[in-house]
Amino acid sequence: MIPAFVPLKILRYGFRKKYPAERFIPKQQDLKKSYDVVIIGGGGHALACAYYLAKTHGITNVCILERGYLAGGNTARNTAIIRSNYLTPEGVRFYEQSLNLYRDFSQELDFNILYSERGHFTLAHTDAAVRTSRWRAEVNKQLGVDSELIYPDEIARLCPHLNMSDHVRYPIMGALYHPPGSIARHDAVAWAYARGAAKLGVEIHQQTPVTGLIVENGTIKGVQTSRGTVYANRVMQAVAGNTSVVAKMAGFRLPIKTIPLQACVSVPLKPFLDQIIVSGSLHVYVSQSSRGELVMGGSTDPYGLYGTRSTLDFKEGLLGHMLELLPMLGEVKVMRQWAGMTDMTPDFSPVMGLTPVKNYYIDSGWGTWGFKATPVCGMTMAHTIANDSPHDLIKPFYLDRFVDYQQVGEKGAASVGH
Amino acid sequence: MSDVNRLPAPFGRLIDRSETVSFDFEGRTISGFKGDTIASALCANDQWMISRSFKYHRPRGVLTMAGQDANTLVQLADEPNCLADKYPAKNGLKVKAQNYFGSFDNDMARVVELVHRFLPVGFYYKTFNEKKQSWSFWEPIVRAMTGLGAIDPKADFHESYYDKQYLFADVAVIGGGPAGLAAAQAAAEAGAEVILIEENVALGGSLGYARFDAEGVRASRQLGDFERVLAGTKGVEIMTGTICSGLFSDNWIPLIKGNRFYKLRAKSIVVATGSIEQPAVFRNNDLPGVIMASAAQRLIRLYGVRPGRKAVILAANDDAYGAALDLIDAGLTVAAIADLRPTVPQTPLVAAVAARGIEILAGHGISEALYSAKTHISGAVLAPVTGEGTLGGGGKSVACDLILMSVGFSPAGQLLHHAGAKFGYCRQSDMFQPVELPAKVHAAGSVNNVYDLGAVIADGKRAGLAAAKDAGLNVASVPAAITEKGNVGRTHPWPIFPHDRGFDFVDFDEDLKYHDLINGIADGYDNVELLKRYSTVGMGPSQGRHSAVTSVRIVSRETGVDIAGMSVTTQRPPYTPEKFGHLAGRVFDPGRRTAMHHRHLELGAQMMPAGVWWRPAYYGGKADRTNAIETEVKAVRENVGLIDVSTLGGLDVRGPDAAEFLNRMYTFSYTKQPIGRSRYVLMTDNAGVITDDGVACRFHDEHFYVTATTSGVDAVYRQMLFWNAQWRLDVDVANVTAALCGVNIAGPKSRQVLQKVCTDIDLSPEGFPYMGVKMGTVAGIPARLMRVGFVGELGYEIHVPAGFGEALWDELMEAGKPEGIRPFGVEAQRVLRLEKGHIIVSQDTDGLTNVWEADMPWALAKTKPFFVGGRSTEIMGKMKLARKLVGFTLKDSGDPCPEECHLVLKGEEIVGRITSAVKSPSVGKVVGLAYVHGDDSAPGTEFTIKVQGGRRITGVVTKYPFYDPENKRQEM
Ligand SMILES: Cc1cc2nc3c(=O)[nH]c(=O)nc-3n(C[C@H](O)[C@H](O)[C@H](O)COP(=O)(O)OP(=O)(O)OC[C@H]3O[C@@H](n4cnc5c(N)ncnc54)[C@H](O)[C@@H]3O)c2cc1C
């Protein structure tokens, strides 16, 4: 059994005299005057889209413009939870497709993203939460996604560390158990797509902010950057927390608010927590990373802000509740905290597809839950751009749904769970 | 053999030799003195190896003696990852090393080191993905190897005591070294209330351990001066042994001391946190015996511990020579000083060292530390510097058991980073320095790139005065910034000497060698942020304190980007790891109890959470649940029951525009609502989604008492304030939820019972009809009474001031004794209301339900011009309904009762769900509410329900109320 798994590739590093470097991220080039497609933003979504444009649709004259360093936005800041146990059929189908892409990711892109199925538990501490869990479980099962509402005995068996006492402020009454819930190395996902796209000819330009858009007669013509003007037949924005700012440059408004979301990690511990635990009532979630750190977060900050400064309140609230769930962690220490800017929609579903500006496409409204959707966003946005028509899976997420009263309500499945 | 390395007094400022302590380290008894840290006691006992490294499991010992590195992380019985060089040695401690397999001395995992060539930077991204199953095979193995300390799964935070306290100051000075002391003194003399925070147990900073002059007297003299002056200065509160772990917006400062977490709000701040001595890179620079020069000085002066016997010093500044003198004074042999500088300036310290006959090798570096057993070094190879980062071959080995590194510093600027300061590279000093500070935050001393002791003190004074001025104190003039900083020649720009055979560490926490960084850059991760993420440099417990600057230097050289345009990676809070317990404190998350809470408990109620409240679910044992609920239902239907409804939201809306205000907030019309009557209220949001309901009771032309749902009231109140901030109607809204409490007495005999205790109100059906509201007294208690019909029987809600709640409950229970009154809980109420088909907002509605879907167009006022959500409601009214809330029963009475949220299917498509369902005791069959497809909502239509186990059963749309369809009973 073991020999089949010996990581042979590793040998070439040890036995070569000179380190066989391979550039995962291409060197900065000069900007061309024009491209077939320009993508604003260099996060996971943008890189995935570029990859699928080149791979699936043969569109390789593509340029990614990132204002900072590659994938340094929310792609670098998220807590890497991947799951498909959403509430609406539209959502479940979409995220499940993402999980399918993730499952083959490390082989397809020849990059181990450390994809790890841990089992995802959304704890319910109220009647209402038990109801929502059952609702999600039923919808999931109907669509072929592995989810089940489980009760305290079963929870205690599967998560032996949880405090299951009745004598706490929020006793645990049930949980939505989603065995395929996973974590992965977030940066690696972006890097793998970057390398994959670059190999197929996509240009990646870091430290190149887009400062304006050229729109003529309602059609996009190009973008202005810190390094000059670049023309393009088609342009997509995938800029997460800056969504509204960039859309404004294109001349349209969105029902999106930018709100900080924070997270923190502990000093590395020997592995003891295998599961991903989420509690909506307590506003906390936690998993243990492959480095042994507890990765923890909660819901968004109480107010909107274009800023990424950390707060003390967040940590105090978070850890207070964390110790209600896992009282053995009192002497464990927080090592680092950070924040990202999330683009929140009213219905907790994304805004994707065409826009009021011709040949201008948007991938946004990813709020606090878009890491898991990185592959499927890339795939569906590439299709949308290539055909100037939205991919079936993202049709429900069209912008005008807010005017048409066709919201896709995912609040019950996305507010703390991400 | 204990204490073999202990030096006599006066070495050891912090230890008290009159009191010994002893503790256990890995089965060895270690004895030390009060005032020792775990690490200093271990060193005194010749135990140099303290931990095993993260990846290669290499032996590690003390590095900084300042709590700044991960080498000294140890495991205590109840605390993982504890800093041994900070944690006081105490009797009876059980200390273990971390991260080893088998035994500490013979860590089996050290074999990883042998295959290091096969584990290049980021190797895990490049392999284990050959086949789909490869990673699932390898992951558990890799995972088991990670992590440092271990937790005790049986520990319980609730058994320890942590608390919090607020503090206020005009000026907070962080750091009690010469800069901080001078700042505190200056600010206090200007009249400021100062809090001076020092992480270590004693004030002084570098004055406590460093050497500024050949004679070795200046530091202690200076410290003595400060102590004398401060003792006579009013307004300085000194907090030693206190860690400032972050600087947040608006000068919000967390401090940790003992088990207390302080939150300090200061008008202005002086950060005088000093600098962090930086290591050099050479082969085996990580092994026990290779330490910072400042660490050796700390061991000697603070703890009276001899750091070794025979030393080699790697020097690049004058401080190295101060350290050399300290070693000599402590009785060590200094075998040689390898000075990276081509010529060594003849300063007084250098002269003093030379005068003692120590060999000084100018233009030399160390290429390698040697060892015989890897647990401690045994020599150093000295070689001439031939270029930037290169050494000549054929170096000479010198036997030694100690190598000091004194090659430079970097500002301890974490807190300034947290506050939003910007750092830039200073070419003169080859160090980063703060170049832009936020308002009301000042930096002083070596964190501010000022090094000469006199200049440091002057800088502290300047910052202290500036901070006092910021705090609003009268300061005549703030001195200009210091220009003669004494920072040149302190830090070598390239103390990095990679070795062919590796183990030349850049990051000790993460076991990253020089070539790991070079290879990472070659893989395309060619800026510091990307390199950090790829190689993990700086991601360990010490958060880049010793690796960040080195990696910037390396990236700059490899990419040709000028270092002057670069910055170190962002430093994020906390400064030092904070315990969860500290952050949590006493966990203030109170549950609310009603005024009658204890009565429910006495009656054996099972309590359940409801929003922020606890409410009785039912009365009786858990095993008896179904029975208890049925009995309670029956009591209300046939006799009389009493339920605590205190948690219901209550809002007093008063003022000339009160009716108009409600018209805009709710879907109905309230202008013509008669006084003494209540009316249903239904709230929608801008998108037309139902958000709350209740009743509005009009007690006066200008006074409505509006109820809201238990969990919705806070949001309703917020919405009311939000909207009226724009409308500016003449109303006042008060949330009186907690001010009032209430009960609902319901059932055919409720009037009979109430009459006994309520004599000032005409309770007859004519005098007090259904939907009537009145004020009066009940059992002498002033009360608001309402005839409502939620449970579908004759009933009265009685709301009284919360203080009378228990009395009200008692009086009614007593009065109802002859009738056999029974308390009933939330569960029975749910059944009762469902039998009547009353919806519960948020159970029978969801985040998208509109008035049409909920089948409540009767709740819309037809003629009024506006209400929140009105426009959306109007538009949606013209759209085809995708789903509709209907009442239902089951086609086959033998089928099980569906559970809430079981799906309604049309074919295989999900079209709706069950929102409420119960086997009704009053009707004798399953009744419920469900969303069905918009086309299937006509009574009599059958639809498919998918129940437990995937079984499909048939529901039939049924008109509701299911019970008493003519509503006769509630109107009796
Ligand atoms: C703390 C936190 C935890 C999270 N946890 C999870 C989780 O567990 N699971 C999950 O699925 N999701 C999670 N998320 C959400 C997830 O991170 C995001 O939805 C996702 O990463 C979005 O990817 P992106 O590529 O669209 O955005 P980003 O990675 O943010 O990329 C957008 C890029 O656009 C660039 N940009 C912006 N403006 C311009 C401009 N004018 N010109 C050029 N470039 C520009 C930015 O610099 C940025 O790099 C979390 C988010 C945060 C903040």
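Within the stretch A:373-389, one or more residues are surrounded by 21 or more Cβ atoms within 10 Å (Cβ to Cβ) and either outside the structural domain of A:L101 (by TED's automatic domain parsing) or part of a loop (DSSP other than H, G, I, E, B) (or both). Counting only residues that are of a type in the set (S, T, N, Q) and away from chain A (no Cβ under 14 Å), the stretch B:74-111 holds 3 of them. Just wondering, is there one or more residues in the stretch B:740-763 that are surrounded by fewer than 19 Cβ atoms within 10 Å (Cβ to Cβ) and of a type in the set (G, A, S)? Checked against the condition, which is being surrounded by fewer than 19 Cβ atoms within 10 Å (Cβ to Cβ) and of a type in the set (G, A, S), the stretch B:740-763 yields no hits at all. Pairing each residue of the stretch B:383-406 that is closer than 22 Å to B:D318 by Cβ with any residue that is outside any loop (DSSP other than H, G, I, E, B) and charged (D, E, K, R), provided the two are 6+ apart or on different chains, yields C-beta distances under 7 Å for B:C400/B:K310; B:L402/B:K310; B:S406/B:D319.
For the stretch B:112-133, a residue qualifies if it is part of a helix (DSSP H, G or I), out of contact with any His (no Cβ under 8 Å at 6 or more places or on another chain) and either away from chain A (no Cβ under 12 Å) or basic (K, R) (or both), and the qualifying residues are B:R117, B:K126. The set of residues in the stretch B:725-742 being out of contact with any Pro (no Cβ under 9 Å at 6 or more places or on another chain) and of a type outside the set (S, T, Y) consists of B:A725, B:Q726, B:W727, B:R728, B:D732, B:V733, B:A734, B:N735, B:V736, B:A738, B:G742. List pairs: first in the stretch B:580-604 and outside any helix (DSSP H, G or I), second surrounded by fewer than 17 Cβ atoms within 10 Å (Cβ to Cβ) and of a type in the set (S, T, N, Q), Cβ under 7 Å, 6+ apart or cross-chain? As it stands, the answer is none, since no pair meets every condition given. Among all residues of the stretch A:194-202, there is at least one that is within 30 Å of A:M296 (Cα to Cα), touching a Leu at 6+ places or on another chain (Cβ under 6 Å) and either surrounded by 16 or more Cβ atoms within 10 Å (Cβ to Cβ) or of a type in the set (D, E, K, R) (or both). Note on the stretch B:900-938: residues that are within 17 Å of B:L832 (Cα to Cα) and assigned to a loop (DSSP other than H, G, I, E, B) amount to 7. In the stretch A:353-382, the residues that are over 14 Å from A:L399 (Cβ atoms) form Cβ pairs under 7 Å with partners that are assigned to a loop (DSSP other than H, G, I, E, B) and of a type in the set (S, T, N, Q), at six or more places apart or across chains, as follows: A:G367/A:T345; A:T368/A:T300; A:F371/A:N78.
Being within 12 Å of the ligand (Cβ to nearest atom), modelled with pLDDT of 95 or more and facing another protein chain (nearest Cβ under 8 Å) holds for only one residue in A:A80, A:A71, A:A48, A:A76, and it is A:A76.
Out of all the residues in the stretch B:110-135, which are polar (S, T, N, Q) and touching an Asp or Glu at 6+ places or on another chain (Cβ under 8 Å)? Across the stretch B:110-135, the qualifying residue is only B:N129.
The listed residues are B:P823, B:P801, and the only one of them that is in the same structural domain as B:P616 (by TED's automatic domain parsing), touching a residue at least 60 places away in the same chain (Cβ under 8 Å), crowded, with 21+ Cβ neighbours inside 10 Å and within 23 Å of B:H600 (Cβ to Cβ) turns out to be B:P823. Scanning the stretch A:340-351 for residues that are within 11 Å of the ligand (Cβ to nearest atom) and either part of a loop (DSSP other than H, G, I, E, B) or in contact with a Cys (Cβ under 8 Å, 6 or more places away or on another chain) (or both) gives a single hit, A:P350.
Taken across the stretch A:21-35, residues that are within 16 Å of the ligand (Cβ to nearest atom) and more than 14 Å from chain B (Cβ to nearest Cβ) do occur, with at least one present.
Any residue at all in the stretch B:259-278 that is closer than 30 Å to B:F497 by Cα and among the hydrophobic types (A, V, I, L, M, F, W, C)? Yes; the residues of the stretch B:259-278 include at least one that is closer than 30 Å to B:F497 by Cα and among the hydrophobic types (A, V, I, L, M, F, W, C). Here the strands (runs of 3 or more DSSP E) wholly within the stretch B:418-479 that include at least 3 residues being within 33 Å of the chain's Cα centre (by Cα) and within 14 Å of B:S268 (Cβ to Cβ) are B:441-443.
Within the stretch A:307-326, the residues that satisfy the criterion of being part of a loop (DSSP other than H, G, I, E, B), under 22 Å from B:H418 (Cβ atoms) and either away from chain B (no Cβ under 12 Å) or of a type outside the set (K, R) (or both) are A:G307, A:T308, A:S310, A:T311. Filtering the stretch A:212-245 to residues that are of a type in the set (K, R) and either free of Cβ contacts under 8 Å to residues at least 24 places away in the same chain or over 24 Å from A:G370 (Cβ atoms) (or both) leaves A:K221, A:R227.
Tallying residues that are of a type outside the set (G, A, S) and either in contact (Cβ under 8 Å) with a residue 60 or more places away in the chain or in contact with a Phe, Trp or Tyr (Cβ under 6 Å, 6 or more places away or on another chain) (or both) within the stretch B:130-144 yields 3.
When restricted to residues that are surrounded by 21 or more Cβ atoms within 10 Å (Cβ to Cβ) and either touching a Pro at 6+ places or on another chain (Cβ under 8 Å) or of a type outside the set (S, T, N, Q) (or both), the stretch B:696-716 contains 9.
Answer yes or no: is there a residue in the stretch A:327-339 that is away from the ligand (no atom under 13 Å from the Cβ), of a type in the set (V, I, T) and not in a strand (DSSP E or B). The answer is yes; a qualifying residue exists. Name the one entry in A:I394, A:I362 that is within 16 Å of the ligand (Cβ to nearest atom) and in a strand (DSSP E or B). Answer to the selection: A:I362.
Note on the stretch A:147-176: residues that are more than 10 Å from chain B (Cβ to nearest Cβ) and in contact with a Phe, Trp or Tyr (Cβ under 9 Å, 6 or more places away or on another chain) total 11. Identify, please: which residue in the stretch B:880-894 is surrounded by fewer than 18 Cβ atoms within 10 Å (Cβ to Cβ) and in contact with a Ser or Thr (Cβ under 8 Å, 6 or more places away or on another chain) and is, among those, nearest to the other protein chains (Cβ to nearest Cβ)? Looking at residues that are surrounded by fewer than 18 Cβ atoms within 10 Å (Cβ to Cβ) and in contact with a Ser or Thr (Cβ under 8 Å, 6 or more places away or on another chain), I get B:L881. Take A:N112 and decide whether it is within 13 Å of the ligand (Cβ to nearest atom) and in contact with a Phe, Trp or Tyr (Cβ under 6 Å, 6 or more places away or on another chain). Against the criterion (within 13 Å of the ligand (Cβ to nearest atom) and in contact with a Phe, Trp or Tyr (Cβ under 6 Å, 6 or more places away or on another chain)), A:N112 does not qualify.
So, B:P609, is that one at pLDDT 95 or above and in a strand (DSSP E or B) or not? So that I can check it myself, show each step before the final result.
Details: at pLDDT 95 or above: no; in a strand (DSSP E or B): yes.
For B:P609, the condition - at pLDDT 95 or above and in a strand (DSSP E or B) - is not met.
B:I358 falls short of the stated requirement of being under 27 Å from B:G393 (Cα atoms) and not in a loop (DSSP other than H, G, I, E, B). Can you tell me which residues in the stretch A:108-125 are within 10 Å of chain B (Cβ to nearest Cβ) and more than 19 Å from A:A190 (Cα to Cα)? Across the stretch A:108-125, the qualifying residues are A:E117, A:H125.
The values are calculated or read from the model by the stated rules, or taken from the named source; none is laboratory data. Keep in mind that what you see is a predicted model, and the values were worked out from it rather than measured. Neighbour counts run over all protein chains shown; Cβ positions are idealised from the backbone, glycine included.
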